[in-house]
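Heads up, the thing below is written out as structure tokens.
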Amino acid sequence: MSRYRGPRFKKIRRLGALPGLTSKRPRAGSDLRNQSRPGKKYQYHIRLEEKKSRQLVNHRHILVNGCTVDIQSYRCKPRDIISARDEQKSRTLIQNYLDSSTNEELPKHLTFHTLQYKGLVNQIIDRKWVGLKINELLVVEYYSRQT
């Protein structure tokens, strides 16, 4: 008997080559670009910080406007106050995280008070601060085609 492949091949025949369905490995050019030492170091540093921050949220150490939030993708609004729980364990975890992280410039849309373990969202992030040139129409077109 032949192996059942499901609707995957039917979709590929109908729509053409799809990035996630046709090849298991990326092209060789992107492999070389991602294997450089500075690239790996940058990726590792970002993932490590993201992993720590997600763990803090998931373990209920973070409060938004005085309410516990355990959803990592929670969207903050302007004037939201982000703080640590009043327990000593939460504060020591956050202090260790602050000590180990690099002291980079804080974005203008955020303010942070280290002694109180509180942060404030001043405004929605400005596109100019991100530093990426993104054509929003192409993004909308890409996601509208995937339905």
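In a simple Cβ point-charge model (Lys, Arg +1; Asp, Glu -1; nothing else charged), region 73-147 has a dipole of about 200 debye relative to its Cα centre. The protection proxy used here, the mean number of other Cβ atoms lying within 10 Å of each residue, ranks peptides 6-14, 60-68 as follows, highest first: 60-68, 6-14. Working note: Cα atoms of region 42-147, range along each principal axis, descending, whole Å: 49, 29, 25.
Each Lys or Arg adds one and each Asp or Glu takes one away; over the other residues whose Cβ falls under 15 Å from the Cβ of LEU106, this sums to -2. A simple count of charges around ASP70, restricted to other residues whose Cβ falls under 14 Å of its Cβ and scoring Lys, Arg +1 and Asp, Glu -1, yields +3.
Read the figures in this text as sums done on the coordinates, not as results from a lab. Quick caveat, the model's predicted, so the values are computed rather than measured. Note that each Cβ is placed from the backbone with ideal geometry, even for glycine, and that neighbours are counted across all protein chains shown.
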